[in-house]
Amino acid sequence: MAVLLLLFLIAVAVAADEEAFIGINIGTAITDMPSPTQIVALLKAQNIQHVRLYDADHAMLLALARTRIGVTISVPNEQILAIGQSNATAANWVSRNVVAHVPATNITSIAVGSEVLTTLPNAGPVLVSALTFIHSALVAANLDQQIKVSTPHSSSIILDSFPPSQAFFNRTWDPVMVPLLEFLQSTGSFLMLNVYPYYDYILANGAIPLDYALFRPLPPNKEAVDGNTLLHYTNVFDAVVDAAYFAMSYLNFTNIPILVTESGWPSKGSSSESDATLDNANTYNSNLVKHVLNNTGTPKHPGVAVSSYIYELYNEDLRQGPVSEKNWGLFYPNGEPVYVLHLTGAGTVLANDTTNQTFCVAKNNADIKMLQAALDWACGPGKVDCSVLLQGQPCYEPNNVVSHATYAFNAYYQKMDKSSGTCDFKGVAIITTTDPSHGSCVFPGRGGKNRTSTNGTSLAPSSNSTSSGYSSKYSQNGEFFKSSFVIGMLLWRAIVM
């Protein structure tokens with residue numbers, strides 16, 4: 001008992017000495033997925049220093065190289081059975097997805113699967129083997145001190161979660177949880193836990209107050225009290241985390257820290273999902289960020305860091321299920337914020353109003369004819385001054401549709417005060433935080449003025465122009481020839497009528 005107490009005190013001292021961090025999950029179920037370069041640019045603009053990937057995508061890991069951003073990579077669920085039954089398979093996975101990328105990419109942990117016990121129970125018997133084999137490969141590569149291995153759990157594996165002091169893991173999984181916790185303890189890793197007060201609130205059918213789920217202040221008489229410990233709980237998040245601490249303690253593990261790998265709130269839902277709103281999502285995530293970065297800890301372990309990853313960076317339109325499943329993101333795929341977090345006094349991380357430092361550029365691999373039509377519109381009915389694109393002018397080179405469209409799109413976007421839908425152009429434009437200026441060609445918006453924008457629809461034409469030699473369309477005073485102007489007006493009328 002004395003040894004256990006000593007280990008616990010050491011763990012608490014280490015955790016208390018560490019600064020908690022806020023990270024972000026990056027899902028990929030998106031029709032028009034931003035490129036890795038665009039994703040990393042957004043991460044940098046938001047000062048996000050920790051990300052979790054649901055795979056080990058090679059291009060994404062290359063884009064994250066030399067950024068110092070801490071990266072959690074994942075073994076997808078469908079690979080666990082193979083890795084859990086073969087040390088060689090695990091070693092090969094580590095060689096391809098870890099050794100090939102470090103130290104340039106700052107990989108800090110490996111999440112083996114996601115909610116395996118509740119979503120893929122047939123892999124449960126080999127889960128610990130998979131973690132052990134992955135860790136052994138890290139040891140062989142001398143990376144085991146730098147990179148921790150764990151597996152994210154759904155909080156639903158915790159039964160009788162309130163009061164927290166009575167919580168315990170579903171005993172069906174004791175043959176997995178006990179050796180798993182032994183592994184985490186022996187390797188100095190953490191219990192990964194997905195915490196979703198939104199679902200706890202919904203499933204409680206009114207038993208949990210909304211304010212309690214959203215971290216809103218509660219009067220003392222409304223706080224939840226654990227009758228066994230007399231600890232007061234002011235929010236669902238802390239209660240779930242402490243339930244996990246107590247569940248581990250029930251199995252005699254008292255020195256394993258907790259890392260929250262997913263938490264968030266949907267910003268939109270169907271008519272039957274009335275609490276999935278912008279205001280609630282903003283309130284929850286803003287309060288979560290402040291709660292974590294203040295190193296508040298939990299009532300059971302005050303001041304002990306509980307770092308958390310927000311779910312998620314982008315809305316994922318390809319997700320199956322109710323409307324809310326598609327709307328957990330802080331940003332739309334084009335880089336515009338879904339809402340602006342209220343983070344006064346919480347530092348610079350995720351100060352997600354990027355509209356004071358954004359530009360509008362042509363998308364990679366966009367259809368050239370659509371780019372040409374949008375360029376024609378921007379320099380015609382859009383009333384952008386495109387004279388700088390004429391031969392001999394600062395932005396003439398590189399003389400191609402993509403480069404000229406990028407200048408015109410951005411000039412229109414800035415001219416319209418970065419307002420709703422002004423960087424879309426029928427899907428061929430995207431917002432970026434990287435200044436596209438080059439040489440003597442200075443793009444409007446450099447040193448940007450702070451304005452607000454939200455997602456919306458484009459005003460740009462969608463018809464496919466057949467023109468390819470567009471530079472000849474500009475006169476020396478920057479206006480279109482009459483024929484081009486007439487075509488542009490016809491396109492405009494077709495849109496607005």
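Side notes on the structure shown:
- Residues of the stretch 354-381 that turn out to be surrounded by 21 or more Cβ atoms within 10 Å (Cβ to Cβ), of a type in the set (Gly, Ala, Ser) and closer than 23 Å to Pro333 by Cβ, as a count: 4
- Of all residues making up the stretch 391-415, the number that are over 11 Å from Ala362 (Cβ atoms) and crowded, with 18+ Cβ neighbours inside 10 Å: 5
Rundown of residues vs (1) over 25 Å from the mean Cα position of the chain (by Cα); (2) over 18 Å from Tyr54 (Cβ atoms), yes/no style:
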residue	(1), (2)
Gln85	yes, yes
His101	no, no
Thr119	no, no
Ala123	yes, no
Val128	yes, yes
Val149	no, no
Ile158	yes, yes
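- Test: residue in the stretch 164-182 that is assigned to a strand (DSSP E or B) and more than 16 Å from Val306 (Cα to Cα): yes
- Each residue in the stretch 404-446 was checked for being in contact (Cβ under 8 Å) with a residue 24 or more places away in the chain and outside any loop (DSSP other than H, G, I, E, B), and 17 pass.
- Matching residues, the stretch 376-395, being charged (D, E, K, R) and more than 20 Å from Asp417 (Cβ to Cβ): Asp376
- Residues within the stretch 185-221 that are charged (D, E, K, R) and within 23 Å of His153 (Cα to Cα), tallied: 1
- Matching residues, the stretch 231-255, being more than 14 Å from Pro164 (Cβ to Cβ) and crowded, with 21+ Cβ neighbours inside 10 Å: Phe253
- Out of Ile202, Ile208, sole residue that is in a loop (DSSP other than H, G, I, E, B), open to solvent by 20 Å² or more (accessible area, probe 1.4 Å) and out of contact with any strand residue (DSSP E or B) (no Cβ under 7 Å at 6 or more places or on another chain): Ile208
- Criterion violated by Ser286 - all others in (1) among the polar types (S, T, N, Q); (2) closer than 25 Å to Val149 by Cα; (3) touching a residue at least 12 places away in the same chain (Cβ under 8 Å) satisfied: (2)
Rundown of residues vs (1) modelled with pLDDT of 95 or more; (2) more than 12 Å from Pro266 (Cβ to Cβ); (3) touching a strand residue (DSSP E or B) at 6+ places or on another chain (Cβ under 8 Å), yes/no style:
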{"residue": "Asn280", "(1), (2), (3)": "no, no, no"}
{"residue": "Lys290", "(1), (2), (3)": "no, yes, no"}
{"residue": "Leu293", "(1), (2), (3)": "no, yes, yes"}
{"residue": "Val304", "(1), (2), (3)": "no, yes, yes"}
{"residue": "Tyr311", "(1), (2), (3)": "yes, no, yes"}
{"residue": "Asp317", "(1), (2), (3)": "no, yes, no"}
{"residue": "Phe331", "(1), (2), (3)": "no, yes, yes"}
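- Taking the criterion of being over 17 Å from Ile256 (Cα atoms), part of a helix (DSSP H, G or I) and either of a type in the set (S, T, N, Q) or open to solvent by less than 30 Å² (accessible area, probe 1.4 Å) (or both), the residues of the stretch 133-156 that qualify are Ile134, Ser136, Ala137, Leu138, Ser156.
The values are calculated or read from the model by the stated rules, or taken from the named source; none is laboratory data. On a predicted model such as this, the values are computed, not experimentally measured, just so you know. Cβ sites come from the backbone with ideal geometry, for glycine too, and all protein chains shown count toward neighbours. Heads up: the accessible areas ignore ligands, DNA and RNA and are worked out on the full protein's heavy atoms, side chains in. Shrake-Rupley method; radii C 1.70, N 1.55, O 1.52, S 1.80 Å.
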